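A short worksheet on the structure shown next.
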Amino acid sequence: MTIFTRAVVGATAARPVKSLITETKPGLALAKKFVAGDTLDEAVEVGRDLNKRGFLLSLDLLGEEVHDKVSAEAALHEYMDCLERIDAAGLDANISVKLTQLGLSIDEGLARHAVEQLANRAAAAGTTVTVDMEDSRFTGQTVDIYADVQASIGHLGIAIQAYMKRTPDDLERLIPLGGHIRLCKGAYVESSEVALGVKAAVDGAYQEYLKVLMAAEGTKPAVATHDPRLIEAARSLSPQRISYFEFQMLYGVRSDLQESLVSEGFPVRIYLPFGSQWYPYLTRRMGERPANMWFFARALFSSSP
Ligand code: FDA
């Protein structure tokens, strides 16, 4: 986690900065780069076009930690609708879910039950549900719920963060369960007690786990990064891999790289977020790359009278 990322995460938590981004044209234009739209209809529209261009999808209903049962049940309902629509529209898509949006911080049983229902619905639609990984307060419970439901129902995948120090143990436990394992660097601000802090160390750990995943049969690795060096590392390991793996990238990030991997014949899944609660997602994207901040600042100044 760089100093820049920490600064952006801190600054964007302030209410005036939030208003500047969510209530001005430049802020909305920046959000449009990374988010399909406010509604499921808009996401299905964008998704259809991406499918036509050869991409797989993972639909993500934006939203973070909820603090009441009603909101958790509403999120589950919307995700069930999302699976319904994937099925009805014949999209080549799965969904990505955050367990705190499904009530993890209120009651672990609530989130577990939601994942079971989603896994069953995904099975009926012939698709899968990937459990996103959130900040370290939730890693243990997320891994436990995933492991239990994947073992009993299946049709799941999970995101694993290369910056977390516990990741070797999690991989050892999760690889034999056979779901998708999405390897990402990790997007949250974490302490040095639980996570690697230096970018070179995170990239090194990513390479190491990539080798482990690509050598493991029976699991489906998803290489989730836009880092050209790591993509090259995956590409060079791919001839030895006889079973499935895919690349995954975020909607609106390095579209050039996405296109070139598809044209080479690699499966590429686009993580496609939608929904009105896009602010925390957008601030993480801003924190990853100074250019996104400059894009916003330039547009803001050029639009002021
Ligand atoms: P890195 O940050 O080093 O970027 C490499 C290059 O990619 C940059 O030089 C730039 O060109 C481009 N780039 C990266 N981010 C950009 C941005 N925001 N805007 C424009 N260009 C950008 N994290 C998490 O903690 N839990 C999760 O569940 C997930 N899920 C997830 C799914 C998918 C499909 C992806 C691709 C990523 C995630 N992440 C995630 C986010 C991940 O942890 C990480 O924060 C980002 O992918 C950025 O890291 P990179 O691997 O792209 O490398």
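Since every read-out is calculated from the coordinates, none of them should be taken as a lab result. All values derive from a computational prediction rather than experimental measurement. Note that each Cβ is placed from the backbone with ideal geometry, even for glycine, and that neighbours are counted across all protein chains shown.
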Among SER243, SER236, SER276, which is the only one that is under 23 Å from ASP38 (Cβ atoms), more than 10 Å from the ligand (Cβ to nearest atom) and either not acidic (Asp, Glu) or not in a helix (DSSP H, G or I) (or both)? SER276
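Which is in contact with a helix residue (DSSP H, G or I) (Cβ under 9 Å, 6 or more places away or on another chain) and farther than 25 Å from LYS220 by Cβ, of ASP107, ASP87? First the steps, then the outcome.
Working: ASP87 fails: farther than 25 Å from LYS220 by Cβ.
The unique qualifying residue is ASP107.
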Test: residue in segment 148-169 that is under 20 Å from LYS98 (Cβ atoms), acidic (Asp, Glu), buried (at least 18 other Cβ atoms within 10 Å of the Cβ) and in contact (Cβ under 8 Å) with a residue 24 or more places away in the chain: no
Within segment 1-44, which residues are surrounded by 14 or more Cβ atoms within 10 Å (Cβ to Cβ) and acidic (Asp, Glu)? ASP38, GLU42
Given the criterion hydroxyl-bearing (Ser, Thr, Tyr), buried (at least 16 other Cβ atoms within 10 Å of the Cβ) and within 30 Å of GLU45 (Cα to Cα), identify the matching residue among THR128, THR139. THR128
If you check LEU230 against the conditions, is it of a type in the set (A, V, I, L, M), closer than 30 Å to PHE295 by Cβ and within 11 Å of the ligand (Cβ to nearest atom)? yes
Where ARG121 falls short, out of the listed (1) surrounded by 19 or more Cβ atoms within 10 Å (Cβ to Cβ); (2) within 14 Å of the ligand (Cβ to nearest atom); (3) outside any strand (DSSP E or B): (2)
The listed residue being within 16 Å of the chain's Cα centre (by Cα) and part of a helix (DSSP H, G or I), out of GLN258, GLN248: GLN258
Note on segment 246-271: residues of a type in the set (A, V, I, L, M, F, W, C), free of Cβ contacts under 8 Å to residues at least 40 places away in the same chain and within 13 Å of the ligand (Cβ to nearest atom) are PHE247, MET249, LEU257, LEU261
